[in-house]
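Structure first, commentary second.
Since every read-out is calculated from the coordinates, none of them should be taken as a lab result. What you see is a predicted model; the values in this text were computed from it and never measured. All Cβ positions, glycine included, derive from the backbone under ideal geometry; neighbour counts span all protein chains shown.
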Amino acid sequence: MGSAKAAYQYCPDKYNYETMKICVVVPAYNEELVIGDVVDDVKETFRGTKYFCEVVVVNDQSTDKTAENAQKATIINHLINQGAGGATSTGLRYAEIHKANWVITLDGDGQHKAIDALSCLEQAIKIDADLLIGSRLINKKGMSKVKILGNRGLTLITYLLFGISVTDSQSGLRIFSQKAIDVLEWKSTGYDFCSEMLWRAKKANLSIAEYPIQAIYTDYSKSKGQSNWNAVNIVKSLVRRRIVEMFE
Amino acid sequence: MRYALLLLLTAPIVLMALMNIFTQYKMKRISKQRFVQQFILWTLISTLMFASFPVYNLVSGNPLLDSSSLSLFDIVQTTAIVYIVYIINNFRRKIEQNERTIRNLHQEVSIILSSRNGKG
């Protein structure tokens, strides 16, 4: 499972068997200013490639015009605000229902380039990875020292709690194989899902890999990203999750 | 006598917890690894309960843990702690199950409604 060869067999009849169906999931909450550009960037990048790409924007009860501005994509409107983890989970469920061969998740604030997503996808297919993380910390260019410190801290916590060694545990750019789509399930609905997902993947014996990406930090994406104070909340949730699971 | 009373009060709770774990494992609701972890945890608790007399003697000889012999209040307190751990764990599991059900329901409804609106 997870190999490109196996993936071809899962293509629905209406698609060419030489084409793999890719679902690009973009969880979005109040991203009216950039969501249109994110959708356009993905569509433009995947046009003319061998992949059949569907962009799915999971609108997590935005109070602005996120849904209107993402009209070129498939839109799933959450009825209740669920957080980044819940929105990503909905996107993966949609991909599972529609039998996507691979899923890419991107942040809705425009910090990821679609070309990086495509490179990550091709790397995941090449090395047969079930879960591939686009790591911003292999090539740290443009990332503030505060962000690097916060990410390093959370990555260290992830390692101490779950024994998973990656360079960027909080990256939103991730590639999922069909096996990962079927198997992965997490309980966290907030940003702590990033670390929990890695833990679940490890427990499910999925192969985890990383690939360097270049994140774009604009004033907008900086204002939308997680603050280091939020990292404290994430750590609290992860510790609680780890302790609670001992009694399950 | 007091130690026997402590054992008599806590043994049913530990037995119920162990039965729960076995049932969940047999019904394939928990993995083998989780079953082993839970089994070890509750076996440890029951061992401490069964061996409460030597354990109490051992710790009371230690200057840091020195205390008077087991009183009736201690028995009630220890039983209550074990019972509360058992109850809280059960409640937490049920709450998490409900949370998951609601989240899954919300997911499915959101996807279905979006499909009906022609956007999904």
Extension reserve of the A:Tyr220-A:Lys65 stretch, reckoned as 0.36 nm per residue once the Cα distance is removed: 54.2 nm
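In debye, nearest 20, what is the charge dipole magnitude of chain A about its Cα centre with +1 on Lys and Arg Cβ and -1 on Asp and Glu Cβ, if you could check?
The calculated dipole for chain A is roughly 660 debye.
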For the range A:4-245: relative contact order, % (alpha-carbon pairs under 8 angstrom, 6 or more apart): 21 percent
Selected from A:Val56, A:Val34, A:Val232 as most flexible by GNM, with chain A as the system and alpha-carbon contacts under 10 Å: A:Val232
Potential extension, A:Ala204-A:Met246 segment - 0.36 nm per residue separation minus Cα distance: 13.4 nm
Coordinate range along principal axes, alpha carbons of the range B:2-95, Å, largest first: 46, 22, 22
Stretch in chain A that is longest and holds no trypsin sites (Lys or Arg not before Pro) that DSSP places in a loop and that have at most 15 other beta carbons within 10 Å: A:142-248
Compactness index (Cα Rg / 2.2 N^0.38 Å), the range A:15-116: 1.01
Rh (Kirkwood; distinct C-alpha pairs) - the protein assembly as shown, Å: 23.0 Å
The range B:2-95: relative contact order in percent, alpha carbon pairs under 8 Å with at least 6 residues between: 43 percent
For the range A:125-184, convex hull of alpha carbons as volume per residue, Å³: 95 Å³
Over 18 Å between alpha carbons, listed pairs A:Lys187/B:Lys94; B:Lys32/B:Lys94; A:Lys113/A:Lys141: B:Lys32/B:Lys94
Sorted largest first, extent of the range A:147-241 alpha carbons per principal axis (Å): 37, 29, 22
Gap separating the Cα centres of the range B:90-115 and the range A:143-171, nearest whole Å: 30 Å
Sites B:Leu105 and A:Lys145 - FRET efficiency at Förster radius 45 Å, r taken between beta-carbons, to 0.05: 0.55
Entries of A:Lys50/A:Lys236; A:Lys99/B:Lys28; A:Lys140/A:Lys236 with Cα pairs more than 32 Å apart: A:Lys50/A:Lys236
